[in-house]
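Take a look at the structure set out below.
No value in this document is a laboratory result; all are computed from the given coordinates. Predicted model only: the values in this text are computed from it and were never measured. Cβ sites come from the backbone with ideal geometry, for glycine too, and all protein chains shown count toward neighbours.
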Amino acid sequence: MISNDNDNNDDNGKNHDNKNNRILLVDDEHDITTLFTLGLEDSGFKVNAFNDPLQALSGFKVGSYDLALIDFKMPKLNGFELYREIRKIDGKIKVCFVTAFEIYHDELKKKFQSNLNASSQ
Amino acid sequence: MSYTQKNLRISKTNIVILSVIAAVVLGISIFAYQYLTSTSHRIVDIASEEVRSNTRIEAHDISQIFTNKLQIVGALLQTLSESPAIHNNEYKRADIVVDTRQHSSSDLTDFYMWLDKSGKINWISNINESTYKKYKGTDLSYRPYFTFPRDTHSVYYSNLIESNDKVPRLYISYPVINSTASSTGAGPHSGIFTGVVVASIRLETIGNFLKNQLFPQFNSTIGLLDRNGIILYATGAEQYVGQNVFGNKFQSTLSSLLHPPDSKNLLNGLIGKSLQGNTGSGDILINGKMNTIAYQPVVANGKPFLILYITAQHNVASDVSALIGQQQYFTILVVTIIGLVALIVAFLVFSWNKRLETIVKARTRELNIANDTLAESNKQLARANEQLKIHDKMQNEFINIASHEMKTPTQAILGYSKLIERHPDKSNEMMQAISRNAMRLQRLTSDILDVSRIESRALRLNLERFDLNQVISDAVEDYRNGIDKSNSDVKLFHEGKNISLQVEADKNRLAQVISNLLSNAVKFTKEGSIRIKAEKDDGKALVSVKDTGQGIDAEIRPRLFTKFVAKSDTGTGTGLGLFISKSIIEAHGGKIWAENNESYDGKMGGATFTFIIPLSVPKEPM
């Protein structure tokens, strides 16, 4: 699990009643979203989970969420592509990638960079 | 063997070179032969010329000496004829003066005679009183040596005369003229004839004299004829003395002696010329050997008296010629041997070259082959390397994806296990989820094991004879139940279910394939139908699964049967099913393929997956 911002991502913290507790969760695996949702909700977060990245994007608005948890490998739209679309709409939102892939830091940086470059064009 | 035969074959260039050598050798031989021939001719000419000139010189010299000798005799006769004792018929005094003359020229003359005016012997030199009495008064008036001086008052040189004593002789006679006793005429020859003085020369003496005159270093013979062609002397041929050279006897001897026959005519012509008083020489082949014959008249009293012949063989010339002939053969032999050696050396060099060339060619060929082999193995290595890289990459990707596929259900199981305590109200649901993910893990594990077996070529088939259609029926039955539960809009048909498809195959594996194809069809088909069809085609079992689903993505289609490509988004597949199915069908000696159906009513027509495997050979009734 790698995150580019983990200020608000505290599994063990309870009673996060401040406003920064809205989470967008996107993963094509239903069991994963269910598990994450249950776990995060137990910790006081408000979680909106999607198994379809297109669906997640269609309802996305500026300031809807404080954090987005996104899987890399998804059908129709992969994590990078979703990140790019989300960034277009909301420049402030913090994004955390979640994957079961064994990806090493250098490899990820490369992948991330190339996908970002591709998205900026 | 073929190797040496190759060596013996000589190229065109080499033939040209060998020919040139042969031609050069031939040329040198011909040149040497010609040169030696011309040299020999020149040497022979020089030698012959030497012989000719020597012969002529000898003939001339001996003739001169002989002439001088005869003139001396003539002079002695003249002084005798003018002697007062003779004039005055003083016998006692006369015998002394006659004897004196004989004494003076005894190396040539035999004796001197004094005849009186009637031709009777007055006196003969060197005889005693008794012999004198016997000869005195002998009448010799018939002899030309008496008549000629008497009639002409001049000196006389006789031809060959056989004397009364049967000895062949020549005579020189001088008239005795008493000029004081008479006054009837004037001049030197006028006067009264009172007798003749005669000198007698034996032929034998002439022969010995002439023989002694021959040049000792010069190998020649001598001959002498008188003006009538009578042989007076011939070296080594004394038996012919007294014969005429043109007489039958001598001519027949010549015929047997002279070869070729032309030589006789030449010789006769030469003798004819010489008898006319000429000087000269000629070359005549005698018994195959060249001889020069020089002739020279012996002049007496201004007239040719006798003819002298000198004959010399061209010994040096013929010896030189023979030597040079030998030299010619020797030279040609040497040149030929050198030529042969050159040819052999050239031939050896060519053979050696050829052999070297062959070896070099063979080596070059071997090197080329080695190079090619090396290049080929390099290529193969590069290919293998490339494959290894690809394989490596695929392996990494496989591990990556596999780990992802395994971690997801594992995480789900672990997560639910943790949360199940906190959420007892959802425990049922969670238990189901745990079970579902565990099954998913099991499927994945099984598929990964299959893939490992396939990739390590350890996939084994348990062959048995069965009806493939029965397996299809069972699978259809299972899935019909599944569809009925989840999606009632999809109908599943089994076509050709009465056909018997006897195969010798792995039943479980083929069931796995059919199940995989059906599950894929079910997964991607939301409405319409799924038709599984069994048929026989050219000794093969053909099974197709046709759906009305979303069809195969064009991007995926080329890699459809590879690992982790065609993963459904429903989350139930492993992404390995089609890869495993393909491997199973190919292991059975069959083929599997997929195609999209024709679209209809603006909708996608779905996809059809088909495989064929060989039918089993029907068993012959025993």
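The chymotrypsin sites (Phe, Trp or Tyr not before Pro) of the range B:74-149 meeting both criteria, a DSSP state outside H, G, I, E and B (loop) and at most 13 other C-beta atoms within 10 angstrom of the site's C-beta, are B:Y142. Compared with the dominant principal axis of the Cα atoms in chain B, helix B:507-524 is inclined by about 70°.
For the peptides B:28-35, B:206-213, the ranking by packing is B:206-213, B:28-35, with the highest mean count of neighbouring Cβ atoms within 10 Å listed first. The 3J(HN,Hα) values that the Karplus relation (6.51, -1.76, 1.60; θ = phi - 60°) gives for the range A:63-77 are, in residue order, x, 5, 10, 8, 9, 10, 9, 10, 7, 6, 9, 9, x, 6, 8 Hz. Gly and Pro appear as x.
Between the listed residues B:L542, B:V476, B:I613, the Cα displaced farthest toward the positive end of the dipole of the range B:459-614, a dipole computed from Cβ unit charges relative to the Cα centre, is found at B:I613. Spin-label model, B:I399/B:I556: points 7 Å from Cα along the beta carbon direction are separated by 2.7 nm.
When you restrict to C-alpha pairs under 8 Å that are six or more residues apart and normalise by the size of chain B, the relative contact order lands at 10 percent.
So what is log10(I(q)/I(0)) for chain B at q = 0.07, 0.09, 0.11, 0.12 1/Å, when the Debye sum runs over its Cα atoms only? Here log10 of I(q) over I(0) equals -0.75, -0.89, -1.09, -1.19. Candidates B:G137, B:S163, B:L578 compared by Cα position along the dipole of chain B: farthest toward the positive end lies B:L578, with charges placed on Cβ.
Kindly provide the helix-only [θ] at 222 nm of the protein assembly as shown, computed as the sum of -39,500 (n - 2.57) over DSSP H runs of four or more divided by all residues, to the nearest 500 deg cm²/dmol? Could the numbers behind the result be given before it?
On the way: 18 runs with 377 residues, N = 743.
Taken over the protein assembly as shown, the calculation gives -17500 deg cm²/dmol.
Computed extension gain for B:Y33 through B:I57, at 0.36 nm per residue and net of the alpha carbon distance, reaches 5.1 nm. Charges were assigned to the Cβ only: +1 to each Lys and Arg, -1 to each Asp and Glu. The resulting dipole of chain B about its Cα centre is roughly 320 debye. Counts of other chain beta carbons within 10 angstrom of each beta carbon in peptide A:26-39 average 5.
In degrees between 0 and 90, to the nearest 10, how far off the longest principal axis of chain B does helix B:248-257 point, with axes built from Cα atoms? With both axes taken from Cα atoms, the answer is about 30 degrees.
Efficiency by 1/(1 + (r/R0)^6): what FRET value for B:S141 and B:E238, r their Cβ-Cβ distance, R0 = 35 Å, to the nearest 0.05? All intermediate terms of the calculation are to be shown ahead of the outcome.
Values: r = 32 Å, r/R0 = 0.92.
E between B:S141 and B:E238, to the nearest 0.05, is 0.60.
Centre-to-centre, using Cα atoms only, the range B:30-73 and the range B:396-410 are separated by 133 Å. Just report the Cα centroid separation between the range B:504-561 and the range B:11-28, whole Å. First find each Cα centre; the distance between them is then 86 Å.
Applying 1/(1 + (r/R0)^6) with R0 = 22 Å to the Cβ-Cβ distance of B:T152 and B:T100, what FRET efficiency is obtained, to the nearest 0.05?
On the way: r = 27 Å, r/R0 = 1.21.
Using R0 = 22 Å, I get an efficiency of 0.25.
Extension gain for B:K426 to B:L26 (0.36 nm times residue separation, less C-alpha to C-alpha distance): 131.5 nm.
Charges were assigned to the Cβ only: +1 to each Lys and Arg, -1 to each Asp and Glu. The resulting dipole of the range B:386-458 about its Cα centre is roughly 140 debye. Relative protection proxy for B:438-445, B:155-162, from highest mean packing down: B:155-162, B:438-445 (other beta-carbon atoms within 10 angstrom). Only one residue of B:N315, B:T358, B:L343 has its Cα farthest out toward the positive end of the dipole of the range B:303-438, where Lys and Arg carry +1 and Asp and Glu -1 on Cβ, and that residue is B:N315.
My understanding is that a pair violates if its Cα-Cα distance is over 32 Å; which of B:K136/B:K249; B:K249/B:K303; B:K389/B:K526 do that in this structure? Before the final figure, lay out each step's value.
Working: B:K136/B:K249 39 Å; B:K249/B:K303 29 Å; B:K389/B:K526 41 Å.
Violating the 32 Å Cα-Cα cut-off are B:K136/B:K249; B:K389/B:K526.
Dipole magnitude for the range B:1-118: computed about the Cα centre from +1 point charges on Lys and Arg Cβ and -1 point charges on Asp and Glu Cβ, it is near 1320 debye.
Spin-label pair B:E477-B:K273: with each label point 7 Å from Cα along the Cα-Cβ axis, the two points sit 15.2 nm from one another. Just to be sure I understand the curve: with the Debye formula and one point per C-alpha of the range B:386-458, what is log10 I(q)/I(0) at q = 0.14, 0.21, 0.25 Å⁻¹? After summing over all Cα pairs, the log10 values are -0.57, -0.89, -1.07. Once the Cα atoms are used to define both axes, helix B:468-486 deviates from the longest principal axis of chain B by about 40 degrees.
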